[in-house]
Every structure is written in structure tokens, then in C-alpha cells.
Amino acid sequence: MKKAFFISIVSLTFIFGFTAIQSADNCDKKTLTASCKKRLEDYKYDSQKFTKINYKNKAQQLEVEVPVFIGEKYRLVFNTSALPKGIVVSVYTKDKESKKRDAIYSTKDLKSGEKEFTFDAPRARKMFVDYDVPSDSTNQQLSGCMVFMIGYK
């Protein structure tokens, strides 16, 4: 009897604990994706990148490579509405290891309340999207996610 009671208490603890962890995460991929697709407008959908971000005690920089075709116009749409703290999104012509990379877009100077960004990219061979994630000084184990979608003409 005691063993069955103990097993049921442990099971309920895991079930409720796991549910709380899932509900604290506000990453609804379908909603974020639908919001980005609306902003592509007359561009054709090419691909998307869904990134889960876990804040740490020190700042991080995450990078995503975007291969593109020469001669096409591209639009990048970013949705950061599922992140607890703002991050800076930057687009570069070369990867972060390169000394000769140029920034072609950054959200650093935009309004802090904006959660969706659209960038019409110049013609390039490759683009590198960097996420500058600030440190979590509150030790609340913050996490979230973001989507960026690519369209072409």
C-alpha cells in the first residue's frame, strides 16, 4: 500500500512538473510562422529557421548561415515575440571568424518594443545571421524561441 502511494505521488510530481515546464515556454511555432508568412507579402517562401534560445549567465552569440542564389532578391523576416528579453539580430556578409565581414543589417537601433523585423537583403552569395543574446542576470533560467523566414523574388 505504501509503495503504491509513493509511486503515485512521484508520478504526479513528474506529470505536473513537466506540464509546468512546457507551459512556461511560450514557443508556439505555428503562430510565429504564420506571422512571418504574412510579412513576406509578394515574395515566395524559401525556408525558415526556428531557434530555441536558453539564456545563460554570460552573453552568447549564435550564428546561422543563409545560402542564397546569385541574382535573386531576398527578404528576411524575424519574429522575436516569444523571447523574454530582446536580442540584437545582425546580418553579415561573412561568418564571425572572418576579419573582413560587413554588417548589412542590425536591429540595434530599432525601437525596443518591436518584435517583428523585415529586411530586404542586397544581392549577396551568403549571409550570416547573428543573434546577440544578453546574459541572464536574474538567474531565472530564461528561455524562448525565435523564427526567421526567407522569401525570394
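Counting the residues of region 47-77 that are among the charged types (D, E, K, R) and buried (at least 17 other Cβ atoms within 10 Å of the Cβ) gives 1.
Listed here are the residues, each with its yes/no results for (1) modelled with pLDDT of 85 or more; (2) under 30 Å from GLN141 (Cβ atoms); (3) hydroxyl-bearing (Ser, Thr, Tyr); (4) in a helix (DSSP H, G or I).
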site	(1), (2), (3), (4)
THR13	no, yes, yes, yes
LYS30	yes, yes, no, yes
LYS37	yes, no, no, yes
LYS111	no, yes, no, no
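Restricting attention to region 93-136 and to residues that are surrounded by 10 or more Cβ atoms within 10 Å (Cβ to Cβ) and polar (S, T, N, Q), the residue that is farthest from the chain's Cα centre (by Cα) turns out to be SER98.
Could you please give the count of residues in region 113-145 that are within 18 Å of TYR74 (Cβ to Cβ) and in a strand (DSSP E or B)? Number satisfying all stated conditions: 11. Among the residues of region 129-144, the one identified as among the hydrophobic types (A, V, I, L, M, F, W, C) and more than 23 Å from ALA103 (Cα to Cα) is LEU142.
Among the residues making up region 48-99, a single one is under 13 Å from ASP132 (Cβ atoms) and among the acidic types (Asp, Glu): GLU63.
The values are calculated or read from the model by the stated rules, or taken from the named source; none is laboratory data. Keep in mind the model is a prediction, meaning the values are calculated, not measured. With ideal geometry, Cβ positions are generated from the backbone for all residues, glycine too; neighbour counts draw on all protein chains shown.
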